[in-house]
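What follows is a short report on a single structure.
The values are calculated or read from the model by the stated rules, or taken from the named source; none is laboratory data. A quick note: this is a predicted structure, and the numbers were derived from the prediction, not measured. As a convention, Cβ positions derive from the backbone with ideal geometry for all residues, glycine included, and neighbour counts pool all protein chains shown. Accessible surface areas use protein heavy atoms only, side chains included; no ligands, DNA or RNA. Shrake-Rupley method; radii C 1.70, N 1.55, O 1.52, S 1.80 Å.
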Amino acid sequence: MAAAAAIAIFAAAYVLIATEKIHRTAVALGGAGLMLLFHITDAEKAFFSTESGVDWNVIFLLLGMMVIVSVLRQTGVFEYVAIWAAKRARGRPYRLMVMLTVITAVASALLDNVTTVLLIAPVTFLVCERLALKVVPYLIAEVMASNIGGTATLVGDPPNIIIASRGGLSFNDFLVHLAPLVVVLMVVFCLLCRWLFRGAFVYDPKRTADVMTLQEKEAITDRRLLWQSLIVLGLVVAAFVLHPVLHYEPSVVALLGAGILVAATKVTTEQALEEVEWPTLVFFAGLFVMVGGLVETGVIGDVSRAAADATEGRLGFATMLLLWASAGLSAIVDNIPYVATMSPIVADLVQQQPSGDGDVLWWALALGADLGGNATAIGASANVVVLGIAARNGTPISFWHFTKYGLIVTVITVALATPYLWLRYL
C-alpha cells in the first residue's frame with residue numbers, strides 16, 4: 001500500500017513538473033509533504049538518512065559554490081571571459097558554442113559539473129548578449145557537455161564519487177577507463193550541436209565588429225577582489241581533486257571556501273547571498289524526499305533487483321542491461337539517489353564474477369547514470385541548476401524544450417558507449 005502511494009505521489013509530481021502547470025519548487029515541496037503526511041517516510045529518514053533522505057552534501061555544495069560565484073561576479077571576470085571568448089571565436093556562433101562546450105567539459109572533469117555550470121552560465125549570458133545570440137541553445141549545450149565531461153573523472157559527477165567509494169576505485173581508474181570514451185563522445189557531441197541548434201547560429205557582422213574593438217582587461221572592476229576570489233577558488237578546486245587523499249566532502253570544502261572568501265573580503269553577507277538560487281536548493285530538497293519515499297518503500301530497490309536477477313550471471317547481458325536501464329532510470333529519477341540505491345546491487349554482481357572481470361559493471365553504471373542524466377530536465381543536478389539560472393535571468397527553459405534535445409543526445413552517447421564497453425571488456 002505504501003509503495004503504491006509513493007509511486008502515485010511521485011508520478012503525479014513528475015507530470016506536474018513536466019507540464020509546468022505549477023512551479024517545480026512548489027511541486028517538489030508538495031510531493032515531499034505528502035510523503036511525510038502519509039508516513040511513507042518520516043522526518044528522521046527524510047532529513048538525516050544517508051540512503052533515503054535529503055543529500056545535504058549536494059545542497060551545501062551548491063550553496064557554497066553559489067556564494068563563491070556571487071563574489072566572483074562582482075569583479076567583472078565574467079565580462080572579461082565573455083569578451084575574450086567572443087573575440088577568439090571571431091563572433092562565429094557555432095565556433096563559439098564549440099569553444100564554450102569544450103571549456104565546460106574539461107572544467108567538469110576537474111571540478112564537479114554543478115560547479116562548472118555555475119561558473120560558465122554567467123559568461124554565456126554576457127557573450128550571447130554582446131553578439132545578439134539566443135542564449136538558451138548555448139545553455140543546453142553547455143549543461144549536456146558538463147554531464148559528458150564529468151563522466152571522465154571521480155570528482156566530475158556526484159554519482160562517480162558514490163561508485164568509487166562502493167567499488168574501491170581510484171581517480172586514475174576513472175581516467176583510464178572512462179576518459180578515452182568521453183573524448184570521443186565530446187567530438188561527436190560538438191558535431192551534433194551543429195545540427196541540433198542550427199537555427200541559433202545567426203552571425204551579426206556589426207555586433208562582431210563592435211566586440212572585436214573591446215579590451216577585455218577593462219572589464220575587470222576590482223583586481224584585488226579578483227585575486228582573492230581566484231586564490232580561494234583554486235584552493236577549493238585543489239581540494240576537490242585531492243578528495244581521495246584528504247577525505248573532505250566537496251560540500252565541506254565549498255562551504256569553507258565560501259566562508260573564508262566572505263570573511264576575508266569587503267563583500268557583505270547580503271551581497272554574497274543575493275545570487276544564491278534558493279528555489280533550486282529547495283527543489284532539490286523536496287526531490288530528495290520524494291525519491292527517498294520510493295527508496296523506503298522498496299520501489300527502486302525492487303526495480304534494480306529485478307534487472308539484476310534477469311541477467312542470470314551473464315556478464316555481457318548484465319553490462320548492457322545495466323548501461324541502458326541506468327540511462328533510462330536516471331532520466332526519470334535524479335542520478336544521485338539512483339546510483340546510491342543501485343551500487344550495493346552492482347557490488348554483489350561484481351563479487352560473483354571472476355577476479356577483475358566484474359569491474360565493467362561499475363563503468364556501465366557510471367556511463368548509464370551520467371549520460372542518462374542528459375535525457376530530461378531533472379535527470380542530473382546540473383540540469384536543474386541551469387534551468388534555475390535561466391529562469392532567474394528571464395529566459396526560462398521548459399521541461400520539454402530541454403528534453404527534446406536531451407533524449408537525442410542521450411540515445412546517441414549511450415549507443416556509442418555500448419560498443420566501447422563490449423569491445424574493450426567483453
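Worth pointing out:
- Condition check for Leu261: open to solvent by less than 40 Å² (accessible area, probe 1.4 Å), at pLDDT 85 or above and at negative phi: yes
- Residue satisfying all of: in the range 319-330; aliphatic (A, V, I, L, M) and open to solvent by 10 Å² or more (accessible area, probe 1.4 Å); farthest from Gly286 (Cα to Cα) among these: Met320
- Residues of the range 389-407 that are assigned to a helix (DSSP H, G or I), aliphatic (A, V, I, L, M) and crowded, with 16+ Cβ neighbours inside 10 Å: Ile389, Ala390, Ala391.
Here's the yes/no breakdown for (1) open to solvent by less than 50 Å² (accessible area, probe 1.4 Å); (2) without any contact (Cβ under 8 Å) to a residue 24 or more places away in the chain; (3) more than 22 Å from Ala121 (Cα to Cα); (4) among the aliphatic types (A, V, I, L, M):
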| residue | (1), (2), (3), (4) |
| --- | --- |
| Gly257 | yes, no, no, no |
| Val267 | yes, no, no, yes |
| Glu274 | no, no, no, no |
| Thr280 | yes, no, no, no |
| Leu287 | yes, no, yes, yes |
| Val291 | yes, no, yes, yes |
| Ile300 | yes, no, yes, yes |
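- Set Ile345, Ile336, Ile412: member being under 20 Å from Ile140 (Cα atoms) and touching a residue at least 40 places away in the same chain (Cβ under 8 Å): Ile412
- Selected residue [of a type in the set (Val, Ile, Thr), open to solvent by 10 Å² or more (accessible area, probe 1.4 Å) and within 22 Å of Ser108 (Cβ to Cβ)] from Val350, Val333: Val333
- Only one of the numbered conditions (1) modelled with pLDDT of 85 or more; (2) under 19 Å from the mean Cα position of the chain (by Cα) is not met by Lys266, and that is (2).
- You will find that of Thr418, Thr413, the residue that is more than 24 Å from Val291 (Cα to Cα), at pLDDT 90 or above and over 19 Å from the mean Cα position of the chain (by Cα) is Thr418 and no other.
- Restricted to the range 51-116, the set of helices (runs of 4 or more DSSP H) holding at least 3 residues that are free of Cβ contacts under 8 Å to residues at least 60 places away in the same chain and open to solvent by 40 Å² or more (accessible area, probe 1.4 Å) comprises 93-110.
- Among the residues of the range 168-222, those that are farther than 30 Å from Val71 by Cβ and in a loop (DSSP other than H, G, I, E, B) comprise Gly168, Leu169, Ser170, Phe197, Phe201, Val202, Tyr203, Asp204.
- Test result for Glu20, among the acidic types (Asp, Glu), over 20 Å from Ile389 (Cα atoms) and surrounded by fewer than 17 Cβ atoms within 10 Å (Cβ to Cβ): no
- Filtering the range 9-27 to residues that are assigned to a helix (DSSP H, G or I) and either over 18 Å from Ala331 (Cα atoms) or among the β-branched types (Val, Ile, Thr) (or both) leaves Ile9, Val15, Ile17, Thr19, Thr25, Ala26, Val27.
- Of all residues in the range 185-212, those that are open to solvent by less than 80 Å² (accessible area, probe 1.4 Å) and either among the hydroxyl-bearing types (Ser, Thr, Tyr) or under 25 Å from Gly150 (Cα atoms) (or both) total 10.
- Residue within the range 375-384 that is open to solvent by 20 Å² or more (accessible area, probe 1.4 Å), of a type in the set (A, V, I, L, M, F, W, C), assigned to a helix (DSSP H, G or I) and out of contact with any Leu (no Cβ under 7 Å at 6 or more places or on another chain) present: no
- Against the list (1) at pLDDT below 95; (2) buried (at least 18 other Cβ atoms within 10 Å of the Cβ), the condition Ala141 fails is (1).
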